[in-house]
1. State which residue is modelled with the highest pLDDT when the search covers only segment 71-90 and only residues that are β-branched (Val, Ile, Thr) and either within 17 Å of Ser4 (Cα to Cα) or more than 15 Å from the chain's Cα centre (by Cα) (or both).
2. Let me spell it out: the conditions are (1) outside any loop (DSSP other than H, G, I, E, B); (2) surrounded by fewer than 16 Cβ atoms within 10 Å (Cβ to Cβ); (3) at pLDDT 60 or above, and Ser123 meets all of them except one. Which number is the exception?
3. Could you check how many residues of segment 46-84 are in contact with a Ser or Thr (Cβ under 8 Å, 6 or more places away or on another chain) and on the phi > 0 side of the Ramachandran plot?
4. So the check is Cβ under 9 Å with 6+ separation or different chains; which pairs have a first residue in segment 26-43 that's touching a residue at least 12 places away in the same chain (Cβ under 8 Å) and a second one that's among the basic types (Lys, Arg) and assigned to a loop (DSSP other than H, G, I, E, B)?
Amino acid sequence: MILSNFKVFNASGRLIGIDWGARRTGVAVSDADRSFVFARAPIVSANSGDLINAVLDIVNAEKIVGIVIGLPLRTNGAESETTAMVRAFASELAQRTDVPIMFIDETLSSSAAQEQMGRVRRSDIKEKLDSNAARVILENAIAMMKR
């Protein structure tokens, strides 16, 4: 189920953050207390079915209680074609799991992630940026929940 409010999420338990990408999707997971968020290896997938299966494998293995997906909006808040693809992914995921799903605006999450990564090689940026952006998305969501 896709929710419109974090209040329905369990107060504790592990969360997964997702930075959706057409080819590579960033993933981050929190600890049960939500004190720490860890970037995981990105999921490289050829199609949405493979991506959903990979996400569900993580959800089940890590006993995830909530899914946070970064929603790419334009700087003026308008939706784009990519926004529609992310919503379609979330809708398909919601049909396959009872774990609640929330969106959070991901504007500037990649910029923040790259800044936090500091000086790294270009090849490392490409490989690690998506999951670090997912980490930023999840950290922002947790901060909102704690307010």
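1. Restricting attention to segment 71-90, the residues satisfying the condition of being β-branched (Val, Ile, Thr) are 75, 82-83, 86.
From the residues that got through so far, the ones that are either within 17 Å of Ser4 (Cα to Cα) or more than 15 Å from the chain's Cα centre (by Cα) (or both) too are 75, 83, 86.
On the way: Thr75: 78, Thr83: 91, Val86: 94.
Checking each candidate, the answer is Val86.
2. Failing condition for Ser123: (3).
3. So the answer is 0.
4. Ala32/Lys63
The values are calculated or read from the model by the stated rules, or taken from the named source; none is laboratory data. Note that the structure is a prediction, hence the values are computed from the model and not measured. Cβ sites come from the backbone with ideal geometry, for glycine too, and all protein chains shown count toward neighbours.
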